[in-house]
Amino acid sequence: MGKYRELAKEIVENVGGKENILGLVHCITRLRFTLKDESRAKDEVLKAMEGVVTVMKSGGQYQVVIGNHVPEVFEDVMELTDLKEGGTEAEQKSGKFLDRAVDAVSGIFQPILGIMAACGMLKGLNTLFVAFGLYSAECGGYLIINAAGDALFTFLPLFLGYTAAKKFGLKPMLGLAVGAAMCYPGIQAGTLSAGAEPLYRLLEGTMFVSPVYIDFFGIPVISVDYTGTVIPVILAVWFAAKCEKFFNKLIPDLVKFFFVPMLTLLVTLPVSVIFLGPVATFGSTLISEFTLAVRGFSPLLAGGIVGFTWQILVIFGMHWGFIPVYINNVMTLGYDNVMMPFFACTFATSAVVLAVFFKTKDKKIKEMAIPNCISGIFGVTEPAIYGILLPLKKPFIVSCIAGGIGGAFYGHFNFRKFILGGMGIFELPNMMNPDGTMGNIIVAFAGIAISMAAGFVLTLLVYRDKKEAVPVKAASGNIVVASPLKGKVLDLSEVKDEAFSSGVLGKGAAIEPEEGVLYAPVDGTISAFFPTGHAVGITMDTGLELLIHVGMDTVQLNGKGFQPLAAAGDFVKQGQKLLEFDMKLIREAGYSLVTPVLVTNPDDFAQVEPSGESRVQAGDTLLTVL
């Protein structure tokens, strides 16, 4: 196994063990598990693990966000399980339709994203070098480099045939054979139409008018160029998987080896070129027309919506659902201008992180900021989103707004991408107009500048480090504990629970709360946050240990009515929200809301003195520890 062996072991263990894993794929930053029972996964343990950024649940997948080295972790996890890439039949059948659709799209495209990005960069750089006059488009060097970059996109059905076969449970070599057949030169519309008149035309007078050059034993075959297409081969492989399963049941074991694949191909290809391929092509035409109609209504608004929402989609892994639209547009129109406003988001995110770097005094955030900024510029924003922006909240909102501003600019100026592939700054060569004009690439750089300026300036204006605590030490050197709640102050002896009133658990005071929000009373580390949410322990750097217990016997509610906003191991600042609780629900359930605030190690200090106030606001002095 590789260098992430121990991390892989811990991940497998904490998602419920290998027996709980139905399927596993990965994308650029995440391990995407399909689990039998998600409740067996230990979310908080995984989030706290070194090497794990966070955990997400979306699209029927349990997503463990790792970072840029996820492929290596994936390999080590796969060695610990009995899985094959692409998952299992049980995985494919589980979940809602939308979840299964997103899972299928991500499973089919994820394995080729890296090579697609690489090939796209080669094509883009080749075009760029010709535009700069380094060599001509007629020379042999250009042809060979273009072949290296263009081969994947020309024969895309072969690659998708392979990955779709693994996803749908078809033998991968059969998937390759289906993809290759759909690229066979003799059945391509361009080949059939060369110097020939069609036999007749179907659907005359509609946007779907289709010439027919050949038939299949009398059945008309609508001519389509399948090279470079996406949807037809995916449908064909899905159908082939159904055929293979049927023939496996029907054919005797003695001749299955060659009869099953033969019959599968014999049925699949005619059905695909007669029905599935044309229907998918008509669907692609509708998608293209719809996307053009959306832009026709308001390019600026359409671009702004894409730019604003893209990072939100990334969080939930839902952006995968739009990849086929993007690919379809490039393949059918020669460019994409509908999804490309998302290009602004990666640079907006990087600028926001850079602004946070300059404003924060938190050493941990500073250490993360520069690597995450660079990662964003290269097109991978998840580390910045999960590591910095989401925890700080306002910077994430700013990144969405800045992405929306850049997206609106791109929409208004009809920003396009002509070649698939590339990420971040490496996408720029693919935005060079094939006719050699520089207008589109100028728009690209202008949009980058606008997005980054908006993100940087807005972050400088709205972001503040969390407020420093009310001085934790008085002038005498004593420790001041602020009230974590707004409400009426009670002496501990008034608490109707002997463990608290007797002082056995510690010294302090109690509060009868007037609002259902609990704040950190000091700066410190959360040493314990009970799973039910009703109690939290905090340890200060000075060694002071606090326990806050919301209500009496509220553990019986099993977490109902409690919403923790922090977790064990978090360092919190005085005044930071730790917990929200439903006062009405707790009272109606018959429980007291009286909340003791205790110093649990009073023997380590000279004295614990309550403030003597009868009522307090959250943040007022509650205890002084001498």
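Structure values in brief
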quantity	calculated
Candidate set from segment 462-510 (those that are open to solvent by 20 Å² or more (accessible area, probe 1.4 Å), of a type in the set (A, V, I, L, M, F, W, C) and more than 23 Å from residue 577 (Cα to Cα)); member that is modelled with the highest pLDDT	505
Any strands (runs of 3 or more DSSP E) falling wholly within segment 474-590 and containing at least 2 residues that are touching a Pro at 6+ places or on another chain (Cβ under 9 Å)	479-482, 487-490, 507-513, 517-519, 535-539, 545-549, 577-581
Pick from segment 366-391, criterion in contact (Cβ under 8 Å) with a residue 24 or more places away in the chain and under 19 Å from residue 571 (Cα atoms), ranking: most open to solvent (accessible area, probe 1.4 Å)	390
Count - residues of segment 269-317 that are among the aromatic types (Phe, Trp, Tyr) and either open to solvent by less than 40 Å² (accessible area, probe 1.4 Å) or at pLDDT 85 or above (or both)	3
Lone unmet requirement of (1) of a type outside the set (Val, Ile, Thr); (2) at pLDDT 90 or above; (3) open to solvent by 40 Å² or more (accessible area, probe 1.4 Å) for residue 596	(3)
Residues of segment 417-446 that turn out to be at pLDDT below 90, open to solvent by 40 Å² or more (accessible area, probe 1.4 Å) and either in a helix (DSSP H, G or I) or basic (Lys, Arg) (or both), as a count	2
Cβ pairs under 6 Å, 6+ apart, first in segment 155-183 and surrounded by fewer than 23 Cβ atoms within 10 Å (Cβ to Cβ), second among the acidic types (Asp, Glu) and assigned to a helix (DSSP H, G or I)	169/89
Residue that is least open to solvent (accessible area, probe 1.4 Å), among those in segment 130-153 that are modelled with pLDDT of 85 or more and closer than 10 Å to residue 228 by Cα	152
Options 578, 565; residue that is within 25 Å of residue 54 (Cβ to Cβ) and crowded, with 19+ Cβ neighbours inside 10 Å	578
Every residue from segment 24-48 that is more than 26 Å from residue 379 (Cβ to Cβ) and of a type outside the set (Ser, Thr, Tyr)	35, 36, 37, 38, 40, 41, 42, 43, 44, 45, 48
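Residue by residue, here is whether (1) β-branched (Val, Ile, Thr); (2) out of contact with any Pro (no Cβ under 6 Å at 6 or more places or on another chain); (3) at pLDDT below 85 holds:
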site	(1), (2), (3)
20	no, yes, no
32	no, yes, yes
51	no, yes, yes
54	yes, yes, yes
85	no, yes, yes
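The values are calculated or read from the model by the stated rules, or taken from the named source; none is laboratory data. Remember, predicted model here, so these are calculated numbers, not experimental data. Quick reminder, even Gly has a Cβ in these numbers, built from the backbone with ideal geometry, and neighbours come from all protein chains shown. Heads up: the accessible areas ignore ligands, DNA and RNA and are worked out on the full protein's heavy atoms, side chains in. Shrake-Rupley method; radii C 1.70, N 1.55, O 1.52, S 1.80 Å.
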